[in-house]
Amino acid sequence: MADTLAGSAHHVTDAAPDVTDTAPEFPMPRAARCPFDPPPGLKELQEQGPLTKVRLQDGSESWLVTRYAEQRAILGDARVSADTDRPGYPTKAGSGDGEGKLSFIMMDDPEHARLRRMVTAPFAIKKVEAMRPAVQRIVDGLIDEMLAGPQPVDLVEAFALPIPSLVICELLGVPYDDHAMFQENTKTMVRTTATPEERGVATRETAGYLAGQLAERLTEPKDDLLSSIAGRIAAGELTHGQATEMALLLLIAGHETTANMIALGTAALLEHPDQLALLRETDDPKLVASAVEELLRYLHITHQGRRRAVTEDIEIAGQVIKAGEGVIMVNEIGNRDPQVFDDPDRLDITRDARRHVAFGFGVHQCLGQPLARMELQVVYGTLYRRIPTLKLACALEDVKFKHDAFIYGIHELPVAW
């Protein structure tokens, strides 16, 4: 996720250097001039080879995987584990004493598969497509409000954040009137500068709220996902704690990630007016869908990589990664691999970018990707057509990017028209 290290300088000692002394730090600092590109240091490592030993903030070492083919190979290998309790699992910067499990995404099969199957149905493509008209109405309504109000306006607050928040609230059955609480708590939970105590308070408050919602569904079920999850409690398939963790994961992932992609994608398109013009002037849904895939490839909101622990020795690209060692797949540079994507640093919404790894790969690939894709298609296919003169209301260098968060994005995006 977000990158906040002060630098990637190597340790210098009088003794002969070992791996710890010479390994670059990870995450690496981003270039301030281009907030959409991976750090230059990642490109250099990718050019040197697919695997590099790196040093994390806590002083431990892990293998950094920078090329596309090797990332997919590892993510699809049953000998690597998503379990944060496994020996060698790479800790995340700013996570204090390490992370607890966030429901099934930090578990392995068969428990991972058992829990994941409980919530797959609402995210099936047919179910998601049935929601498209409702999402279109939400998008059009928010654009109407922006056009009727003063400008400049913060696109994040007025548009990017409400859309996925409204959608996930409707899907889960969480009252949207409570969105201010969970949005503020989510900001604290993903902020790298927050203390463990602050994150704990925010997590407990949101989890307590969801636990209360689940308790209500046990006695008064409704036609929503929380009621379905509560039914698993009643059937003895989930504990109340497991159900709460699952609901928390879906709530956070359902609004924070898509909101950041809406804002980042808009900023990137405004900086590439030729690509924006193609998207603004088209009525071809295939081109809109292509633009979504390309923006998912070109941008990335998880800059600390997908992390795994190796459970058995495996050989990747001629290198043996031993059991008990950690691996980090940096998808933002994997999606810029020139062996897979021609001229990868160029934004081109007409290219076929569907092979990207923005949603991961293998059994842990993102459960909500059909919903995210549909929401982004509606947004990117509507906003610039409805407001053809949309522009930044400040210089790009004055935009407040989320360099202080585990999920990268934009704090505020002032726009006018």
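Observations, loosely collected:
- Taken over segment 389-415, the criterion of being within 17 Å of PRO29 (Cβ to Cβ), open to solvent by less than 70 Å² (accessible area, probe 1.4 Å) and either of a type in the set (Lys, Arg) or assigned to a loop (DSSP other than H, G, I, E, B) (or both) is satisfied by LYS402, ASP404, PHE406, TYR408.
- Residue check, LEU171 touching a strand residue (DSSP E or B) at 6+ places or on another chain (Cβ under 6 Å), buried (at least 20 other Cβ atoms within 10 Å of the Cβ) and of a type in the set (A, V, I, L, M): no
- Only residues that are in contact (Cβ under 8 Å) with a residue 12 or more places away in the chain and open to solvent by 20 Å² or more (accessible area, probe 1.4 Å) were counted across segment 202-212, and they come to 5.
- The sole residue among ARG307, ARG280, ARG297, ARG336 that is farther than 23 Å from THR52 by Cβ and not aliphatic (A, V, I, L, M) is ARG280.
- Here GLU412 fulfils each of the conditions (1) modelled with pLDDT of 95 or more; (2) farther than 19 Å from ILE262 by Cβ; (3) among the charged types (D, E, K, R) apart from (2).
- Filter result for VAL363 (among the β-branched types (Val, Ile, Thr), in contact with an Asp or Glu (Cβ under 8 Å, 6 or more places away or on another chain), farther than 23 Å from LEU155 by Cβ and touching a residue at least 40 places away in the same chain (Cβ under 8 Å)): yes
- Candidates are the residues of segment 174-201 that are outside any helix (DSSP H, G or I) and over 18 Å from GLY254 (Cβ atoms); the one that is least open to solvent (accessible area, probe 1.4 Å) is ALA194.
- Matching residues, segment 318-334, being under 30 Å from GLU294 (Cα atoms) and in contact with a strand residue (DSSP E or B) (Cβ under 6 Å, 6 or more places away or on another chain): GLY326, VAL327, ILE328, MET329
- Selection count where residues are in a helix (DSSP H, G or I), open to solvent by 20 Å² or more (accessible area, probe 1.4 Å) and of a type in the set (A, V, I, L, M, F, W, C), scope segment 348-388: 1
The values are calculated or read from the model by the stated rules, or taken from the named source; none is laboratory data. Given the structure is predicted, the values throughout are model-derived calculations rather than measurements. Backbone-built Cβ (ideal geometry, glycine too); neighbour counts: all protein chains shown. Ligands, DNA and RNA are stripped out before the accessible areas are found, and what is left, the full protein with its side chains, is counted by its heavy atoms. Shrake-Rupley method; radii C 1.70, N 1.55, O 1.52, S 1.80 Å.
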